[in-house]
Amino acid sequence: MAILINNTTNCLIQGITGLEGQKVSAWMRASGTKVVAGVTPGKGGQFVDGVPVFNSVAEAVTAFPTINLTTIYAPARFVRSAAQEAIEAKISIVHVIAENVPTRDTAELIALARQHHVTLIGPSSIGLISPGKAKVGSIGGETNNQFIGGPIGLISKSGGMCSEVSLLLTRNGIGQSTVVGIGGDRFVGTTFADLLPLFEQDKETKGVVLIGELGGTYEEDAAAILEKKQFTKPLIALITGLFAETLPQGVSFGHAGAIVDKYIGTRAGKIAALTKVGAIVVATPDELLEVVLASLRQ
Amino acid sequence: MRLYEFEGKKLLTATGFVVPTGQVVSFSFPVDILELSFPIFSKVQILGGNRAQRGGVVRFEKGEEKVAKKMIEKWLKNGWNEEKIEYVLIEQSIQNIKQEHYLAMRWDTATRGPVALYSTQGGSGIEERQKREKAKTEHTLGTYPIDIKFADQSLQIIATKIFPHNARGKGILQKLWQAFYTNDATLVEINPLFELTDGTFIAGDAKIDLDDLAAFRHSEWESYSKRTPFSRPPTAMEQEAKNINAMDHRGVAGASFFEFDGDIGIMASGGGASLLVMDALMASGLKPANYTEYSGNPSREKVAELTKLVVSKPGLKGLLVIGGNANFTDIFETLAGVMDGLESAKQKLHFPIVVRRGGPRWQEAFEMVRERATKNNLDVTLFGPETSMLEAVPVLVKKVRKT
């Protein structure tokens with residue numbers, strides 16, 4: 001068990017002939033992911049390490065109807081058209097790693113994904129991994145050695161924190177069921193609230209770690225899922241951004257969505273919302289480890 | 001990027017809004033050419049808020065031409081509330097006002113789409129009033145989601161709710177949507193939106209934020225002067241960081257750079273990790289000299305230049321080179337960049353440097369850093385992924401306090 005991806009995932013890579021696309025194709029295949037095809041307009045008929053390349057998503061899906069996930073390795077300005085192609089081809093999961101996608105483009109992609117019942121992950125998502133089964137995107141790089149399979153689900157806006165916190169867990173013998181980098185943009189296709197019910201259904205997952213930060217309302221939305229009892233397992237949350245809140249509003253830090261706003265998305269508000277519904281909010285990764293260990297002992 | 005009121009009003013005019021008759025005064029267009037009929041309002045052009053409460057909007061009656069001119073010149077010469085003023089907008093007063101509305105559009109993370117915001121009681125101080133009233137009722141400012149795929153239908157429905165007695169309301173919402181959508185704005189706020197007794201509307205103010213990420217399809221934005229969210233132009237360091245990031249298209253290094261008053265240089269890696277580190281630094285009592293971040297496997301050259309920039313700040317007492325366990329950033333290449341930057345610094349670096357990092361080739365990288373630090377007599381302390389990220393902060397605190 002795991003969520004979103006496992007060893008039955010058949011993956012397409014859009015932008016497979018580019019430098020990053022080729023690299024991630026090799027990494028994903030080495031992790032057990034089935035990469036069945038690639039797309040680069042104008043490069044149809046070529047092969048990248050034995051993976052056939054098509055001119056369009058439609059062509060790839062016709063040749064390989066089992067494709068159920070695509071990861072897009074295209075620069076920010078081309079994400080909209082590439083993802084639109086994938087969503088209209090009704091590939092069930094569309095993953096976007098690019099940062100710096102304009103908010104309007106993402107908003108339109110989210111609306112399109114809802115219309116076609118497609119799960120959009122990202123933009124600005126490092127990727128997702130079900131350790132030992134499959135991975136999508138650049139998460140874990142070449143080796144994946146910060147991840148092992150196990151009982152903890154992990155969701156993080158930050159890709160770096162996916163790796164950092166997983167390593168901390170792994171070093172202490174706690175494996176992960178699935179780790180998802182949802183991205184740090186203002187709008188992302190899949191949020192904490194979308195994933196918690198999936199982790200609730202997943203028998204392997206005994207608890208979930210949520211890494212959030214100031215800005216937006218996704219942490220508050222996660223709290224609403226707990227309140228509605230759509231997630232009943234232990235939830236351990238780390239919310240950063242204390243420093244940023246001492247600065248004038250409108251300042252954005254590292255992630256486009258980490259924006260200081262007077263009333264919406266404050267760190268304190270997120271902590272209060274999560275604490276109220278029974279999540280355990282910790283201040284540091286070390287404290288996070290202690291709480292995860294304690295929750296697994298229960 | 002936030003626009004000044006007069007820039008915002010130009011965009012609103014382009015989509016069909018009526019704005020008060022007025023003119024912009026600056027050093028290059030001095031107040032002598034003032035040709036408006038009084039009474040007028042003179043409004044300092046600033047990027048921050050609460051302008052009216054702080055005395056940045058002043059009304060002058062007929063006969064007060066000289067006083068007005070004198071004050072405007074003083075603003076431009078001496079600044080206002082310790083803020084440098086480059087522009088003053090002078091507008092004729094609006095007659096026959098029936099009502100002052102508040103109307104805005106922005107992106108909303110709750111619906112992950114656009115929303116309209118509306119209040120029947122516009123005018124200055126709405127934020128304060130809202131805060132006060134929030135304690136009593138949950139929503140004084142109405143939020144109206146817009147379906148981006150069916151925007152026109154959404155606007156029709158919203159118009160019947162917020163402007164039930166004025167047929168021009170829908171047109172106003174359509175114009176606002178056009179201003180918001182076509183300009184890739186993240187916020188368009190009109191407060192007050194005057195409704196006159198004859199049913200026409202006039203945009204009394206304009207607060208527009210543009211989505212910097214969409215700059216590639218808006219060459220017209222290049223004409224806007226450089227600015228930061230701090231209501232001040234970028235410092236030389238902040239500008240230089242932007243240039244460094246633009247050196248090549250690999251990863252980011254310096255895309256976010258803010259200069260502060262503290263004395264601890266920051267070279268953080270990754271948006272999420274950097275926030276965690278800054279929180280810990282604050283809690284420790286040390287003060288950052290800057291915030292910056294590199295990630296996404298940037299080139300060695302970019303990291304070198306960014307490091308050189310960070311340590312160029314006079315009076316530094318320490319440097320924190322800190323990040324999580326990278327997914328795919330080559331630690332050898334990026335730390336080699338950091339060392340290049342440290343070695344090419346103009347002055348001798350006497351302060352302690354604490355590094356915490358993990359990821360591809362980190363062990364190899366640490367060996368290289370150790371060797372180069374010894375050779376160049378640099379006080380570098382190294383922590384790998386076996387040490388938690390935040391443990392590096394107290395180590396730096398201790399070292400800084402000793403020196």
### Query
If you take the Cα atoms of chain B, find Rg, then find the Kirkwood Rh from the mean of 1/r over all pairs, what is Rg/Rh?
1.07
### Cα Rg, Dmax, chain A, angstrom units
18.6, 56
### Query
Over what distance in Å are the Cα centres of the range A:91-153 and the range A:174-250 separated?
14 Å
### Task
Report, ordered by chain and residue number, the lysines lying within cross-link reach of B:Lys175, taken as a straight Cα distance under 24 Å and ignoring same-chain residues fewer than 8 apart.
B:Lys9, B:Lys10, B:Lys98, B:Lys149, B:Lys161, B:Lys207
### Task
Pull out the extension gain between A:Ser56 and A:His117, defined as 0.36 nm times the separation in residues minus the alpha carbon to alpha carbon distance; nm, one decimal.
19.9 nm
### Share of Cα-Cα pairs in the range B:97-223 lying beyond 17 Å, as whole percent
59 percent
### Summary
In whole µm²/s, the translational diffusion coefficient that Stokes-Einstein assigns to the range A:10-115, given a Kirkwood hydrodynamic radius over C-alpha pairs, 20 °C and 1.002 mPa s, equals 158 µm²/s
### Task
Go ahead and run the numbers for FRET between B:Ser93 and B:Glu391, Cβ-Cβ distance against an R0 of 56 Å, rounding to 0.05.
0.35
### Query
For the range B:1-102, what is Rg from Cα atoms divided by 2.2 N^0.38 Å, rounded to two decimals?
1.06
## Note on the structure
Violations at 20 Å Cα threshold for listed pairs B:Lys43/B:Lys77; B:Lys287/B:Lys402; A:Lys43/A:Lys90; A:Lys133/A:Lys206; B:Lys308/B:Lys399; B:Lys226/B:Lys308 -> A:Lys43/A:Lys90; B:Lys308/B:Lys399; B:Lys226/B:Lys308
### Task
Starting from the range B:308-403, pick out the GluC sites (Glu not before Pro) whose DSSP state is loop and whose Cβ has at most 10 other Cβ atoms within 10 Å.
B:Glu386
### Message
When the expected Rg is taken as 2.2 N^0.38 Å, what fraction or multiple of it is the alpha-carbon Rg of the protein assembly as shown?
### Response
1.00
### Query
So how do B:Arg59, B:Arg300 rank on accessible area, 1.4 Å probe, biggest first, that is with the largest at the start?
B:Arg59, B:Arg300
### Fraction of beta bridges assigned by DSSP in the range B:236-402 that are antiparallel (%, nearest 5)
20 percent
### Task
Starting from the Cα gyration tensor of the range A:127-207, multiply each eigenvalue by 5, take the square root, and state the resulting semi-axes largest first in whole Å.
18, 16, 11
### Relative contact order of chain A, defined on C-alpha pairs under 8 angstrom at six or more residues apart (%)
14 percent
### Summary
Note on chain B: contact order normalised by length, alpha-carbon pairs under 8 Å, 6 or more apart, percent, works out to 12 percent
### Summary
So the FRET efficiency between B:Val67 and A:Glu88, C-beta based with R0 = 60 Å and rounded to 0.05, is 0.40
### Summary
Rounded to one decimal in Å, the inverse mean reciprocal Cα-Cα distance for the range B:236-402, i.e. its Kirkwood radius, is 15.3 Å
### Task
Provide a whole-number value for the mean count of partner chain Cβ atoms within 10 Å of the Cβ atoms in peptide B:324-334.
6
#### Entry: Packing rank of A:180-192, B:213-225, where each peptide gets the mean count of other beta carbons within 10 Å, highest leading
A:180-192, B:213-225
#### Entry: Shielding of A:117-129 by partner chains, average beta-carbon count, 10 Å
1
### Task
State the percent of C-alpha pairs, over all pairs in the range A:1-56, separated by a distance greater than 12 angstrom.
61 percent
### Message
Can you give me the distance in nm between label points at B:Thr21 and A:Lys228, each placed 7 Å from the Cα along the Cα-to-Cβ direction?
### Response
5.5 nm
#### Entry: Estimated FRET transfer efficiency when R0 is 56 angstrom, pair B:Arg250-B:Lys398 (beta carbons, to 0.05)
0.95
### Task
Just subtract the alpha-carbon distance of A:Arg29 and A:Ala268 from 0.36 nm times their residue separation and send over the number in nm, one decimal.
81.9 nm
### Query
Computed over the Cα atoms, what is the radius of gyration of the range A:162-216 divided by 2.2 N^0.38 Å, N being its residue count?
1.21
### Message
Given the -39500 (n - 2.57) contribution per DSSP H run of 4+ residues, what per-residue ellipticity at 222 nm results for chain A, rounded to the nearest 500 deg cm²/dmol?
### Response
-10500 deg cm²/dmol
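The values are calculated or read from the model by the stated rules, or taken from the named source; none is laboratory data. Predicted model only: the values in this text are computed from it and were never measured. Positions of Cβ are generated from backbone atoms using ideal geometry, with glycine treated the same way; all protein chains shown enter the neighbour counts. The area values use the complete protein model at the heavy-atom level, side chains included, leaving out ligands, DNA and RNA. Shrake-Rupley method; radii C 1.70, N 1.55, O 1.52, S 1.80 Å.
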